[in-house]
Amino acid sequence: MPRKDQIRNRQRLLQAAREAFTESGPEASIEEIARRAGVGATTFYRHFPTKDDLVDALLDELGEGARRVAARAQEEADAWAAFSLTFTEACVLGDGDLALFDLLAQVSPPGAVRAQ
């Protein structure tokens, strides 16, 4: 089980990456992301061996809300209720996160498919 500081550093890296990618696009450097997170590059690489791994983790995180709604809809016995739930709650990303998901999906199509 990861230590609290490891969990905190991973979350800080993911948040820093969201900000850096939103501002600079996928060209944002690992060094910039680590600096924003307040950690060194070594800590970055402990959590994400490559920048692609970071992008995939962000895509997974951004897709989590929609996956939770889909799982709830699958448990619904009534087809109309399942459709209604999906229709009203599946768009859980705000405009900024939706734009970030679209940007990152272009960089990592396999990651985007896994995140759905």
**Message:** Show me the helices (runs of 4 or more DSSP H) entirely contained within the stretch 37-116 in which 2 or more residues are modelled with pLDDT of 90 or more and β-branched (Val, Ile, Thr).
**Reply:** 41-47
**Item:** Cross-chain or 6+ apart pairs with Cβ under 7 Å, the stretch 57-84 first and farther than 15 Å from residue 98 by Cα and open to solvent by less than 40 Å² (accessible area, probe 1.4 Å), then outside any helix (DSSP H, G or I) and among the β-branched types (Val, Ile, Thr)
**Value:** 69/92
**Item:** Looking only at the stretch 28-56, and only at residues there that are touching a residue at least 40 places away in the same chain (Cβ under 8 Å) and in contact with a Gly (Cβ under 8 Å, 6 or more places away or on another chain), the one that is surrounded by the fewest Cβ atoms within 10 Å (Cβ to Cβ)
**Value:** 52
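The values are calculated or read from the model by the stated rules, or taken from the named source; none is laboratory data. Here the structure is a predicted model, which is why all the values come from computation and not from measurement. Every residue, glycine among them, receives a Cβ derived from its backbone with ideal geometry; neighbour counts consider all protein chains shown. SASA here: full protein model, heavy atoms, side chains in, ligands and nucleic acids out. Shrake-Rupley method; radii C 1.70, N 1.55, O 1.52, S 1.80 Å.
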